[in-house]
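In what follows, a single structure is set out as structure tokens and then discussed.
The values are calculated or read from the model by the stated rules, or taken from the named source; none is laboratory data. Just so you know, these numbers come straight off a predicted model, no measurement behind them. Using ideal geometry, Cβ is built from the backbone for each residue, glycine included, and neighbour counts are taken over all protein chains shown.
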Amino acid sequence: MTEQSPAAMTELLNRMAAGDADAGARLLPVLYGELHALAGREMGGLAAKVTLQPTELIHEAWMRLVGGAPQSFENRSHFVGVAARAMRSVLVDHVRRRQAQKRGVDWLRIELDEVVDLFAERAPNLLALDEALERLSKMDAQLGRMVELRFFAGMSVEETAKILGVSEPTVVRGWRIARMWLRRELEV
């Protein structure tokens with residue numbers, strides 16, 4: 001793994017987003033450790049609900065990032081924030097597919113996954129969190145983005161402020177408001 005200067009990293013990110021496969025191939029090894037840590041945070045507490053491994057989550061999210069519409073990235077932190085959103089989307093889709101499959105299975109047969117799922121109901125409900133975050137984002141897009149960057153991407157107050165172009169005290173206040181709002185929404 002070679003370390004890249006911030007300018008070189010941004011250039012590679014933008015070339016990758018524009019469809020340059022070579023740039024993507026050069027970036028993945030550089031970013032892999034950071035993406036793996038991010039995947040671990042995304043999956044925290046969901047082990048019983050999600051059968052994906054962190055490596056699979058990284059690859060699914062990577063395909064969404066490089067296979068979709070071209071987009072530009074301001075820097076490494078911005079890319080990691082977008083990657084966190086892609087990972088969240090992959091996880092939500094995965095949980096929805098599993099729930100849909102369970103509704104169509106033979107009800108007389110109990111699989112081990114179903115027994116594990118009964119115990120996993122105490123874990124945070126990813127679908128409920130995703131729906132609440134969507135509602136928050138519709139009410140206040142900046143608060144929704146703060147949650148994605150702070151909670152899902154694990155970014156600091158300073159990094160979040162830089163990406164959003166706001167002051168650190170604004171992020172601290174917004175993060176407090178968003179957490180209280182989400183807690184209230186998820187307790188109902």
Inspect the stretch 22-34 for any residue being more than 17 Å from the chain's Cα centre (by Cα), touching a residue at least 40 places away in the same chain (Cβ under 8 Å) and in the same structural domain as His78 (by TED's automatic domain parsing) and give the result as yes or no.
-> yes
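Results for (1) assigned to a helix (DSSP H, G or I); (2) of a type in the set (A, V, I, L, M, F, W, C), shown as yes or no for each residue.
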| residue | (1), (2) |
| --- | --- |
| Gly154 | no, no |
| Glu158 | yes, no |
| Lys162 | yes, no |
| Arg183 | yes, no |
| Leu186 | yes, yes |
Among residues of the stretch 72-92 being out of contact with any Phe, Trp or Tyr (no Cβ under 7 Å at 6 or more places or on another chain) and more than 19 Å from Val147 (Cβ to Cβ), the residue surrounded by the fewest Cβ atoms within 10 Å (Cβ to Cβ) is Ser72
Exclusive hit being at pLDDT below 80 and crowded, with 16+ Cβ neighbours inside 10 Å, set Ala178, Ala120 = Ala120
